[in-house]
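*Asks:* Supplied in structure tokens, the structure appears directly below.
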Amino acid sequence: MTVEADPVGVESRLVSGGLGCPGCAGGVLRPWGWVRPRSVHGIEVVLRPRRARCAECLITHVLLPVTVLLRRAYAAEVIGAALVARGAGRGHRWVGLALKVPAATVRGWLRVMAGRLEASRVHLLRVACLAGVDVVVPEAVGCAWRDLLAALGVATAAVRGRFGPLGVLGPVTGWQVAVACSAGRLLAPGWPPPGWELSATPVASDVCGG
């Protein structure tokens, strides 16, 4: 479950019963220990996410901050920077050197994302339409990577317009919006859910360099 980056705020909402269970209707999450500490490249402090348990369905959930993706050892902003560079035509080796990330790791991110560019674009545009008013769908530019980034820009603007620059989970950046919209599963198997790939506004095939 994606929560704000401030652990104090998370703990306060958890103790006060302010976090609803994402898996059932009406359930409230309660403190249930912690997961093991871990270092994340791109985040200065060691993360130790909270674990919570629903008082109704008894299912436990790990509360991941909006700064990280599920099962990734790199901050969302680092992964996002790699996707932006790919949209600019850079290859995985160049990106790895620029971000000080192994080229094989970057290649893995790009391969996963390449298989879900259109579905992710549609998902972000639907989020923008739900959050914003008079959202203008950006025209295709001939590169699926840049079309995805354009959709993320629209979604980010819509979320900021709806909730303000700080939002409900803290400062709103584009990649925090991507994390929140995907519940941390932007690069996880099975995301977006089946059906999100259907689009009434198809874009051109990927002709980016790199």
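*Asks:* Largest first and in whole Å, what are the equivalent-ellipsoid semi-axes of the stretch 2-104 based on the Cα gyration tensor, each being the root of 5 times an eigenvalue? Spell out each step's value before the answer.
*Replies:* Details: eigenvalues 225, 37, 23 Å².
Largest first, the stretch 2-104 gives 34, 14, 11 Å.
*Asks:* By the scheme Lys and Arg +1, Asp and Glu -1, what is the net charge of all other residues having a beta-carbon under 11 Å from that of Arg71?
*Replies:* On the way: positive: Arg38, Arg72, Arg185; negative: none.
Surrounding charge for Arg71 is +3.
*Asks:* Just to be sure I understand: if I project the alpha-carbon convex hull of the chain onto a plane and average over all orientations, what area do I get in nm²?
*Replies:* 12.1
*Asks:* Starting at 0 and stepping by 5 Å, how many percent of the alpha carbon pairs of the stretch 76-182 end up in each bin?
*Replies:* 2, 13, 23, 22, 18, 13, 7, 2, 0
*Asks:* Please determine, in degrees from 0 to 90 and to the nearest 10, the orientation of helix 103-114 with respect to the longest principal axis defined by the Cα atoms of the chain, where the helix direction is its Cα long axis.
*Replies:* It works out to around 90 degrees.
*Asks:* Quick one: Val141, Val177, Val45, fewest Cβ neighbours within 10 Å first, how do they rank? Don't jump to the answer; show the numbers that get you there.
*Replies:* Details: Val141 16, Val177 26, Val45 9.
The most exposed by this proxy come first: Val45, Val141, Val177.
*Asks:* Ranked by Cβ crowding within 10 angstrom, fewest neighbours first, how are Val112, Val135 ordered?
*Replies:* Details: Val112 14, Val135 18.
Fewest-to-most Cβ neighbours within 10 Å comes out as Val112, Val135.
*Asks:* 5 Å is the cut-off here: which amide hydrogens, built 1.01 Å from N in the peptide plane, fall below it relative to Val28, excluding neighbours closer than 5 in sequence?
*Replies:* For Val28, the qualifying residues are Cys21, Ala55, Glu56.
*Asks:* Let me ask another. Helix 76-87 versus the longest principal axis of the chain: what angle, 0 to 90°, nearest 10, using Cα atoms?
*Replies:* 10
*Asks:* Net charge around Val46, counting only other residues with Cβ within less than 12 Å of its Cβ (Lys, Arg = +1; Asp, Glu = -1)? Present the calculation step by step, with values, prior to reporting the outcome.
*Replies:* Numbers: positive: Arg36, Arg38, Arg48; negative: Glu44.
For residues surrounding Val46, the net value is +2.
*Asks:* Another question, then. What relative contact order, as a whole-number percentage, does the chain give when Cα pairs under 8 Å and 6 or more residues apart are counted?
*Replies:* Details: 350 pairs, mean separation 43.8, N = 210.
Relative contact order comes out at 21 percent.
*Asks:* Output the 0 to 90 degree angle, nearest 10, between the alpha-carbon long axis of helix 144-163 and the longest principal axis computed from the alpha carbons of the chain.
*Replies:* Helix 144-163 and the main axis of the chain meet at about 40 degrees.
Quick note: the coordinates plus some simple rules give every number you see, no bench work behind them. Computed from a predicted model, the values in this text were never measured in an experiment. Neighbour counts are summed over all protein chains in view; Cβ atoms, including those assigned to glycine, are modelled from backbone coordinates with ideal geometry.
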